[in-house]
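> The following block contains the structure, expressed as structure tokens.
The values are calculated or read from the model by the stated rules, or taken from the named source; none is laboratory data. Remember, it's a predicted structure, so these values are computed and weren't measured experimentally. For neighbour counting, all protein chains shown are included, and Cβ atoms are generated from backbone atoms with ideal geometry for every residue, glycine included.
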């Protein structure tokens with residue numbers, strides 16, 4: 001499925017030099033997808049130079065895979081930089097990012113540049129000075145942003161010869177902002193690896209129900225709503241524990257403090273555990289009974305929801321945007337309205353009361369998700385789509 005026509009082609013006859021630009025070094029959704037893209041390029045025999053602004057779990061994984069990692073300053077377009085108090089940082093990081101990108105273009109001399117996310121505008125624009133084609137991979141779907149903000153965010157996409165995008169929802173957001181971009185855009189569902197041998201769900205939930213949240217700790221993602229749902233479950237005779245696996249963005253420390261206060265208010269010290277960021281999530285999913293994905297706002301896709309399905313766990317997920325696409329046809333996913341602790345509690349009750357049916361359906365749900373998001377197929381497709389734009 002795509003916004004334009006596409007005919008599959010064979011891999012490039014000779015190895016290419018691919019410059020990959022990414023805005024961070026953690027291992028959340030878009031970071032993991034970026035790693036799979038690089039693995040696809042390397043498997044096809046190409047040389048990859050990856051530039052990221054800092055070292056972290058992603059840089060280690062890229063180097064282990066065989067990529068040449070260059071840690072260089074980057075201009076990462078954050079919304080805060082567009083406000084007057086952020087203009088100083090915008091100019092400073094913009095200058096540093098421009099110098100770094102020009103240096104990389106001159107020294108790496110890439111055949112093609114692959115830019116991960118719309119937050120690296122210079123990485124999309126500057127290669128045109130060198131007549132090097134750009135493939136932009138869009139992971140964002142900023143439907144709630146103002147018209148002006150969306151025009152600013154998506155404008156650099158006009159410099160890309162090909163655009164890969166993770167969902168129909170994200171394409172609609174970008175296409176409504178710049179309709180002409182649809183013709184060069186192709187939807188590529190994210191690669192989502194799963195455990196080799198998932199542990200089946202428990203035979204019965206006759207004691208404490210084990211809930212799990214995976215992802216950023218932020219108001220947008222809504223983990224506080226799960227905390228608020230715990231007393232509501234108690235009122236309905238269900239005792240639950242909650243594991244929160246994830247960390248905050250820099251600048252969101254107040255949210256984590258508020259989250260801890262909310263846990264204290266419900267006396268949840270023994271039932272709610274904050275584990276921080278964890279690069280390996282399957283152990284947590286194996287211990288969990290139900291995964292909760294409670295995003296308040298639109299999501300471009302739902303990698304975490306797919307991970308839960310691949311681990312053979314039922315999922316309570318907000319019925320919006322890319323999350324709806326991620327769980328389409330998945331019978332073990334219960335969709336709820338956004339922003340409601342009561343709706344989360346209702347979704348959990350539905351799963352608990354129908355546990356025998358859920359257990360009977362998790363294997364089929366996993367097979368469907370695996371077919372859609374197999375990393376091997378994703379890697380081949382991305383490698384073909386990116387390298388075929390080299391003339």
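> Which condition breaks for residue 157 when tested against (1) outside any strand (DSSP E or B); (2) out of contact with any helix residue (DSSP H, G or I) (no Cβ under 8 Å at 6 or more places or on another chain)?
(2)
> Still on this structure: Sort out which residues of the range 270-293 are out of contact with any strand residue (DSSP E or B) (no Cβ under 9 Å at 6 or more places or on another chain) and buried (at least 16 other Cβ atoms within 10 Å of the Cβ), and write them in order of number. Before the answer, list the steps.
In the first step, residues of the range 270-293 are kept if they are out of contact with any strand residue (DSSP E or B) (no Cβ under 9 Å at 6 or more places or on another chain); the result is 279-280, 282-283, 286.
Of everything in the range 270-293, just one residue is out of contact with any strand residue (DSSP E or B) (no Cβ under 9 Å at 6 or more places or on another chain) and buried (at least 16 other Cβ atoms within 10 Å of the Cβ), namely 282.
Residues are listed down the side, and each one gets a yes or a no for (1) buried (at least 22 other Cβ atoms within 10 Å of the Cβ); (2) assigned by TED's automatic domain parsing to the domain that holds residue 341; (3) part of a helix (DSSP H, G or I):
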| site | (1), (2), (3) |
| --- | --- |
| 176 | no, no, yes |
| 182 | no, no, yes |
| 202 | no, no, no |
| 213 | yes, yes, no |
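> Checking residue 26 against (1) outside any helix (DSSP H, G or I); (2) at pLDDT below 95; (3) touching a strand residue (DSSP E or B) at 6+ places or on another chain (Cβ under 7 Å), which test does it fail?
All conditions pass for residue 26, except number (3).
Here's the yes/no breakdown for (1) in contact (Cβ under 8 Å) with a residue 24 or more places away in the chain; (2) assigned to a helix (DSSP H, G or I):
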site: 269; (1), (2): no, no
site: 275; (1), (2): yes, no
site: 296; (1), (2): yes, no
site: 306; (1), (2): yes, yes
